[in-house]
Amino acid sequence: MTNTPVQPHTGQPVYVKAPSNGLATAALVLGIIGMVLAFIPLIGAFGAFLGGVGCALAIAGFLVARKRGVGKGKSIAGFVLGVASILTFFLVTAATVAAVDTAVNEIDKSIKAEEANDKPTTVTEGAAFTHDGFAAEEGWRVGKGALGDAEIKSLTVTNNADEARIAQLTFTFVKGNSNLGEVECSSNELQAGQSSKMDCVSFDSGFPKGYTQIQVADMW
């Protein structure tokens, strides 16, 4: 009788699951997303909310990390990013509000300046005057055109603005509340500081007799 050797029994390997910290991971992910969204106006509020949630999860994840020994770094990073997203949201919001406020003020100034330009300036024939950033030299006069209508002669203006513009002025001959006639004058395109004579034309059929005032306003 032959004896068969007995093979030693080998046990199955036992796999031990490594400790994890889902709270710390979630805090880090929310902190990153919140930080990215915080830079976007309006949407940044949602980013700040995610950052706040991330901070809460980071604190909880840090407590878990003390017990399990994992996730401490993620918890700290998530908390820092969460706080940073909240601060970034407030900074971006403040900057956006300031930019909008500045833009509104500039628009308001432009509207008021345009309204001021639309208001006629009373001028004296032959005297120098300024309107809408254009300075008219003295010596201009009112005369009759070839068709007997009014004509502004020898009118030269200088562009006192910082940009190139075309002077377009309307001279109105007024008596009381009555508009007796108009003459429209325009110049060449003038760079800052340049001067030019203006070409003037009237579309009225006759000379405005009896006027007591001459007013100047923008043509448009």
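Quick note: the coordinates plus some simple rules give every number you see, no bench work behind them. Worth saying up front: this structure is predicted, and the values here are computed from it rather than measured. Because the Cβ atoms are built from the backbone with ideal geometry, glycine has one as well, and the counts that use them run over all protein chains shown.
Pull up all non-local amide H partners of Leu190: gap of 5 or more, or a different chain, and H-to-H distance under 5 Å with H placed in the peptide plane.
Result for Leu190 returns Arg165, Ile166, Ala167.
Under 15 Å from a point placed 7 Å out from the Cα of Ala95 along the Cα-to-Cβ direction: which residues of region 23-51 have their backbone N that close?
35-45
Stretch Lys72-Thr130 to full length: gain in nm at 0.36 nm per residue minus the Cα-Cα span?
13.6 nm
What 222 nm value per residue comes from the helices of the chain, counting each DSSP H run with n ≥ 4 as -39,500 (n - 2.57) and dividing by all residues, nearest 500 deg cm²/dmol?
My calculation for the chain gives -14500 deg cm²/dmol from helical runs alone.
Which cysteines does the chain leave without a neighbouring Cys Cβ under 4.7 Å?
Cys55
Does region 22-115 come out rounded, prolate or oblate, given a ≥ b ≥ c as the square roots of the eigenvalues of its C-alpha gyration tensor, rounded meaning a/c under 1.5 and, failing that, prolate meaning a/b above b/c?
Note, shape of region 22-115 comes out prolate.
Which of the GluC sites (Glu not before Pro) across region 77-175 are loop residues per DSSP, with 13 or fewer other Cβ within 10 Å?
Hits after loop and neighbour filter: Glu125, Glu138, Glu163.
Where does region 85-180 land on the Kirkwood hydrodynamic radius, alpha-carbon pairs, in angstrom?
17.2 Å
Cut-off is 10 Å between beta-carbons; in what order do Val174, Val97 appear when sorted fewest neighbours first?
Val97, Val174
Work out the charge dipole of region 119-218 with +1 on the Cβ of Lys and Arg and -1 on the Cβ of Asp and Glu about the Cα centre, then indicate which of Gly210, Ala161, Phe134 is farthest towards its positive end.
Farthest towards the positive pole: Gly210.
Can you give the charge dipole size of the chain about its Cα centre, rounded to the nearest 20 debye, using +1 on the beta carbon of Lys and Arg and -1 on the beta carbon of Asp and Glu? Walk me through the numbers before you get to the answer.
On the way: 16 positive and 20 negative charges, 483 e Å.
Once rounded to the nearest 20, the dipole reads 2320 debye.
Around His131, with a cut-off of 10 angstrom between Cβ atoms, what is the net charge of the other residues, counting Lys and Arg +1 and Asp and Glu -1?
-1
Going by how many other Cβ atoms sit within 10 Å of their own, how do Leu180, Leu81, Leu50, Leu42 line up, fewest first?
Ranking Leu180, Leu81, Leu50, Leu42 by Cβ neighbours within 10 Å, fewest first, gives Leu42, Leu180, Leu50, Leu81.
Could you count how many Lys pairs in the chain have their Cα atoms under 28 Å apart, skipping same-chain pairs fewer than 8 positions apart?
Pairs that pass both the separation and distance tests number 20.
What area, in nm² and to one decimal, does the C-alpha convex hull of the chain cast on average over all directions?
In nm², the orientation-averaged hull projection of the chain is 27.1.
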